[in-house]
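First up is the structure itself, then whatever we jot down about it.
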Amino acid sequence: MRTLIRLAATVQLLLIFPAALFLTAVLLDGGDAPRYDLARFAHRIVMWYSARMWALWLLLLALPLAVLLTGAATLLRSWNRDFEQPHAARPSLAMIPAPLATLLVAGTTLTSAGVLAVVVLHMLAD
């Protein structure tokens, strides 16, 4: 089970990276003429995405949706399987943080939901 969660975390990080990169570049670009090297680099990333419609659909909608669906399925599947200990052990185990892979799956799932919300709201505004 742990191998499945680690694999899901790795795949989700790879799938959410292009959308996170684009949204970070949009925030760094600022809209004005870039004055700093980081802003110029961010502007190039935004221009690359905007010149390719397939990139917008695939990298900003399809991949985050895949991350959201696989993350929700992975978290639902492991919800009760990780805590099959006796009832007396549960309060002490509640103080131990979740494994890193599970936290990464939860984080990427929430990030993908946020990315999808921003992209869909932007599409509805246009």
* To do: Restrict the check to the range 60-67 and report whether at least one residue is open to solvent by 50 Å² or more (accessible area, probe 1.4 Å), without any contact (Cβ under 8 Å) to a residue 60 or more places away in the chain and farther than 15 Å from Leu110 by Cβ.
  => no
* Asked: Out of all the residues in the range 29-40, is one or more modelled with pLDDT of 85 or more and either crowded, with 18+ Cβ neighbours inside 10 Å or among the polar types (S, T, N, Q) (or both)?
  -> no
* Asked: Given (1) over 28 Å from Met123 (Cα atoms); (2) at pLDDT below 90; (3) surrounded by 19 or more Cβ atoms within 10 Å (Cβ to Cβ), where does Arg90 come up short, assuming only one miss?
  -> (3)
* Can we say Thr10 is of a type in the set (Ser, Thr, Tyr), within 15 Å of Thr109 (Cβ to Cβ), open to solvent by 70 Å² or more (accessible area, probe 1.4 Å) and assigned to a helix (DSSP H, G or I)? -> yes
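The values are calculated or read from the model by the stated rules, or taken from the named source; none is laboratory data. What you are looking at is a predicted structure, and each value in this text was computed from that prediction instead of being measured. For neighbour counting, all protein chains shown are included, and Cβ atoms are generated from backbone atoms with ideal geometry for every residue, glycine included. Heavy atoms of the whole protein, side chains included, go into the accessibility calculation; ligands, DNA and RNA do not. Shrake-Rupley method; radii C 1.70, N 1.55, O 1.52, S 1.80 Å.
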